[in-house]
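Values quoted throughout were computed directly from the atomic coordinates according to the rules given, and no laboratory measurement underlies them. Note that the structure is predicted; figures quoted are calculated from it, not measured. Because the Cβ atoms are built from the backbone with ideal geometry, glycine has one as well, and the counts that use them run over all protein chains shown.
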Amino acid sequence: MAEPIRYYFDQHMQGAVLAGVRQQGVDVLTAQEANHCGLSDHDQLAFATAQQRVMVSFDSDYLALHQSAMQHTGIAWCPATKYRIGQLVQMLVLLHRIADRDSMRNHVEHL
């Protein structure tokens, strides 16, 4: 059976998004909970990868890290103003339902 994805939210993700995604039963860890606020994007992505979590961010620096061929367990990215909170929750829950860890490995999902 395929392993479901788990998320790692960067420090800029809104609390309401976190609450909405968790309410749908999705496993999420935040940079705040991991005491990793202020770490470089490279270190954040390395941590997410070590924890086998998909990085969720508005920060385009993660796209550059992906382009640099850094190995990772997935990146879910969108511009900060693209969605309202409820819409972003829906997109993340949908991705959780249709993707698995193998399909997200070294993949960027543009939400």
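Values computed for the structure shown
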| read-out | value |
| --- | --- |
| For the range 61-100: rounded, prolate or oblate by the Cα gyration tensor [a/c cutoff 1.5] | oblate |
| The chain - mean residue ellipticity at 222 nm from DSSP helices (-39,500 (n - 2.57) per run, n ≥ 4, rounded to 500) | -11000 deg cm²/dmol |
| Contact order normalised by residue count of the chain, Cα under 8 Å, 6+ apart, percent | 35 percent |
| Residues of the range 47-64 with amide N under 17 Å of the 7 Å Cα→Cβ point at H110 | 57-64 |
| Debye log10 I(q)/I(0) for the range 3-57, one point scatterer per Cα, at q = 0.25, 0.26 Å⁻¹ | -0.98, -1.05 |
| Cut-off under 5 Å, modelled amide H: who pairs with Y8 long-range | L29, V54, M55, V56 |
| Antiparallel DSSP beta bridges within the chain, as percent of all bridges there, nearest 5 | 10 percent |
